[in-house]
1. Out of all the residues in the range 9-28, which are surrounded by 13 or more Cβ atoms within 10 Å (Cβ to Cβ) and out of contact with any Gly (no Cβ under 9 Å at 6 or more places or on another chain)?
2. Can you list residue pairs whose Cβ atoms sit under 6 Å apart, with the first residue in the range 41-65 being under 17 Å from residue 28 (Cβ atoms) and in contact (Cβ under 8 Å) with a residue 40 or more places away in the chain and the second being part of a helix (DSSP H, G or I) and not acidic (Asp, Glu)? Count only pairs 6 or more apart in sequence or on different chains.
Amino acid sequence: MILEVAHVPEGHDEKVEELLRERYQVSFRQPSPNSDPKMANKVLGHECGYNEVAEQEIKRRFGKKALRTIWDLYYGIESVR
């Protein structure tokens, strides 16, 4: 399962991504980090639509709490357990 992100958070830790891949089979990609600013809305729209579908599948497989945990860990809001 892949989740799209607009940017990689400051202080990003590769170990967190590895943990999320192992625990939830989730990885992240930044679809277009250097896209034309005129295309920003289109890129953001794609990201939101894509993640909406992916997040529903994560909830189905692992539960609603897992989705919150994934985003919290990715953005460094929650410490790795």
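Here, each number is a calculation from the coordinates, and none is a lab measurement. Just so you know, these numbers come straight off a predicted model, no measurement behind them. Note that each Cβ is placed from the backbone with ideal geometry, even for glycine, and that neighbours are counted across all protein chains shown.
1. Hits for the range 9-28 are 17, 19, 20, 21, 23, 24, 26, 28.
2. If the second residue must be part of a helix (DSSP H, G or I) and not acidic (Asp, Glu), the pairs left are 55/67; 58/67.
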